[in-house]
Amino acid sequence: YSYEKPIAISLYSEALRDTVQLEITLPTELKEQTNTAYPIIYLLDRQLSSNYQYNLSTIEYLSTLQWMPNAIVVGITFSRKNRNSWTNPNATGGKADDLILFLEKELNAELKKKYPVSDFNLLIGHSRTAIFSSYALSKRPDFFNGAIANSVSNFDFGDKYQQNQFEDFLSKIGSNAHKYYYYFSVGEKSYGDL
């Protein structure tokens, strides 16, 4: 009840040189609120429908109970073709840094034109996109405020560049006045990624 029906859009990215399929879910109260700026939740892996719907339902549940603020939720679809390339750093042959640029410069600017958004940006990813979420937080800590990395597997199937970047970020976080939020989960020991 806290959110409107999602709006599907396509947005061409100069940074990625590709079209990104998005789904924007707005708080119902946005129609009446004129002085409220909403945080943005970038919910990755829209193509994984059961996981995506579970996350949307959780966000709605927590918002309805007022355990978290209402937010503008932006679902981002990854195809089989681009999921690996868009989540691996440019330095290792991927386009993760281009995806970060798209989120920060292109998509965020579009959202600011249409909606009252705050400067709070949260990433939610699963598996490959959980590694990306962690990497993006560590690369652009001035833009992203937090990440939820579900089944991040301690970067086991990412690359050392991403892991080193994130560990360097963690080593400096104590000296930074900025407040960050990071939640991660991993699998069971039987799957080898505990």
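The values are calculated or read from the model by the stated rules, or taken from the named source; none is laboratory data. Note that this is a predicted model, so its numbers are computed, not measured. Cβ atoms come from the backbone with ideal geometry, glycine included; neighbour counts cover every protein chain shown. Note: areas computed on protein heavy atoms with side chains; ligands, DNA, RNA excluded. Shrake-Rupley method; radii C 1.70, N 1.55, O 1.52, S 1.80 Å.
Figures for the structure shown
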read-out	value
From Ala177, Ala147, residue being hydrophobic (A, V, I, L, M, F, W, C) and modelled with pLDDT of 90 or more	Ala147
Tally of residues being touching a strand residue (DSSP E or B) at 6+ places or on another chain (Cβ under 8 Å), touching a residue at least 40 places away in the same chain (Cβ under 8 Å) and open to solvent by 60 Å² or more (accessible area, probe 1.4 Å) across the stretch 10-32	1
Residue match in the stretch 38-52 (condition: open to solvent by 70 Å² or more (accessible area, probe 1.4 Å), farther than 22 Å from Leu137 by Cα and part of a loop (DSSP other than H, G, I, E, B))	no
Filter pass, Asn55 being part of a helix (DSSP H, G or I), open to solvent by less than 50 Å² (accessible area, probe 1.4 Å) and either touching an Asp or Glu at 6+ places or on another chain (Cβ under 8 Å) or under 25 Å from Ala136 (Cα atoms) (or both)	yes
Test: Phe102 is in contact with a helix residue (DSSP H, G or I) (Cβ under 7 Å, 6 or more places away or on another chain), touching a residue at least 60 places away in the same chain (Cβ under 8 Å) and part of a helix (DSSP H, G or I)	no
Test: residue in the stretch 134-145 that is among the small types (Gly, Ala, Ser) and within 19 Å of Gly75 (Cβ to Cβ)	yes
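Here is a yes/no grid of residues against (1) of a type in the set (D, E, K, R); (2) surrounded by 17 or more Cβ atoms within 10 Å (Cβ to Cβ); (3) at pLDDT 95 or above:
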site	(1), (2), (3)
Leu65	no, no, no
Val74	no, yes, yes
Asn84	no, no, no
Thr92	no, no, no
Asp97	yes, yes, yes
Asn108	no, yes, yes
Thr129	no, yes, no
Ala136	no, yes, yes
